[in-house]
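Report on the following structure.
The values are calculated or read from the model by the stated rules, or taken from the named source; none is laboratory data. Because the structure is predicted, anything quoted here is derived from the model rather than measured. Cβ atoms come from the backbone with ideal geometry, glycine included; neighbour counts cover every protein chain shown. The accessibility values were calculated without ligands, DNA or RNA, using every heavy atom of the protein model including side chains. Shrake-Rupley method; radii C 1.70, N 1.55, O 1.52, S 1.80 Å.
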Amino acid sequence: MASTSSLEEMQASMANMEKLLKKIEENLRPNEVAHKKRDDGMKVDARVRVNIITVADIDTLKEEFNCELALTIKWKEPSIRGLKADEIDWSEHWEPRIYFFNAVSIDKYEVKHRKGLKSLYDDETDPIPDAQLSIRMRGTFKSDMKLNDFPFDYQNLTIKLMSDWPKKVIEFSKDMTQKDSVRTDTVKGDQEWELMKHVDAAPVEEKKMSSGAVNTYPLYNITVNVKRKPSYYMWNVALIMFLITPLAFTSFAVDREAPEDRLSVTLTLLLTAVAFKFFVSQSLPNKSYQTLLDYYVLWCMVFLCLVVVQNAAVSAFYDGPSARIFDIVCMAVFGGTSVLVNIVFIAQSYIKWRTVGHQMQEATNKYNDLCNQISSRKGRGDRYMLSPIEGARVQEECLPLQGQS
């Protein structure tokens, strides 16, 4: 009887434990939101417009940046037709379910809904109103940085906009009624970076995941460009290395009979070069390639190593007139090579600087042409260029009205 009682107590205890674990699991589980599907089953063309308010804290090492932006997304919404703005309960209507795919953290997020224009045209042939979602947010974003030309590089700072709905439900496009914009007067960190006066915003093709996912999801990239100001690294790294390497020639003024004195000069300079290489590497993320500045610093280190080897060799294998001749030949070879390498580095730096400036100017001109196109379209009274998705929707919705007339 005693064993039976203890067994029942153990079973009751295990049952209570199971209930407790289920309760803990329910508390830890995130709240699931039932998203409303579209009643008409039509594919949505979500038109996106962005205003970049601030760009700050561009961290090359972490490959992150901070950005505040205002985003407007419009789409044709038949379910709000005939309703006044104050009569619409937006929680009862379809949502594009927007999120920022490459956001590391979000510090501010404000969302507003409103009813937009009643029609695409002034003659009201399309009675489908716009639903408008406005998002004001500030966050930190991950962005892959290309540093081959460092410190004469520019970076594409990209914000990736995505929807939880698959592409068969929604597709992004640029809003051709308003220009995308960027405020260059609010950029923080302008001592190192120059924010360009253009925005590149467009939908991108996202392939299916390699895991074999059935659906693909729409992706919209919003990119601003920043150009690095190279003066800090050129004055504090390149110039110092340019001055250090010729000092290795002072070792030739030391008597060949005192190799320890010669080596002390060149080895001290070599350790200084190593310290500068360490400084440069601390400013950049771990990359499998060398930057332009890396190549120059490495060359300086190789040059100093060669001088160290020469100092040791001349003491070990040469004496008398042959040692002097060997010193003179080495000085001539080292000097000519050093001058040539520095000329090449200066030329490469100038070419990179001019190339980046030209690329940024081309991007700005392309952006200005698009803005002029949007302005001219608004001047003609056009709402926006119909996409194939909206064209099919307008045709389907307007056929019953034409039949009634």
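Remark: the stretch 46-118 carries a charge dipole of roughly 660 debye about the Cα centre, counting +1 on each Lys and Arg Cβ and -1 on each Asp and Glu Cβ.
For the set 358, 93, 113, 198, the ranking by accessible area, highest first and with no ligand, DNA or RNA atoms included, is 358, 113, 93, 198 under a 1.4 Å probe. In terms of distances greater than 28 angstrom between alpha carbons, the cross-link table entries 142/366; 108/277; 84/112 yield 108/277.
Accessible area per residue for the stretch 132-252 is 47 Å², calculated with a 1.4 Å probe on protein heavy atoms, without ligands, DNA or RNA. A 1.4 Å probe, protein heavy atoms only, puts the accessible area of residue 375 near 50 Å². Distance between the 7 Å Cα→Cβ label points at residue 17 and residue 192: 5.4 nm. With θ taken as phi - 60° and the Karplus curve 6.51 cos²θ - 1.76 cosθ + 1.60 applied, the whole-hertz 3J(HN,Hα) list for the stretch 166-176 is x, 5, 6, 9, 9, 9, 8, 8, 6, 6, 8 Hz, x standing for glycine and proline.
Remark: accessible surface ordering of 217, 109 (largest first) is 109, 217, probe radius 1.4 Å. Rolling a 1.4 angstrom probe over the protein heavy atoms with all chains in place gives the stretch 297-363 an accessible area of 58 Å² per residue. Dipole magnitude for the stretch 271-375: about 160 debye, using +1 per Lys or Arg Cβ and -1 per Asp or Glu Cβ, origin at the Cα centre.
Once all protein chains are placed together, residue 183 keeps about 110 Å² accessible to a 1.4 angstrom probe.
Backbone phi angles across the stretch 259-268, fed through the Karplus curve with coefficients 6.51, -1.76 and 1.60 (θ = phi - 60°), yield HN-Hα couplings of x, 5, 6, 4, 5, 5, 5, 5, 5, 5 Hz in residue order; Gly and Pro are listed as x.
With a ≥ b ≥ c the root eigenvalues of the C-alpha gyration tensor of the stretch 214-364, is it rounded (a/c under 1.5), prolate (a/b larger than b/c) or oblate? Since a/c reaches 1.5 and a/b is larger than b/c, the shape of the stretch 214-364 is classed as prolate.
For the stretch 359-364, the Karplus equation 6.51 cos²θ - 1.76 cosθ + 1.60, evaluated at θ = phi - 60°, returns couplings of 5, 5, 5, 4, 5, 5 Hz by residue, with Gly and Pro reported as x. First check a/c for the stretch 297-339, with a ≥ b ≥ c the square roots of the eigenvalues of its C-alpha gyration tensor; if it is under 1.5, answer rounded, and if not, answer prolate when a/b is larger than b/c or oblate otherwise. Oblate shape, in that a/c is at least 1.5 and b/c is the bigger or equal ratio.
Overall form of the stretch 226-265: prolate. Here a/c, set by the Cα gyration tensor axes a ≥ b ≥ c, is 1.5 or more, and a/b is the larger of a/b and b/c.
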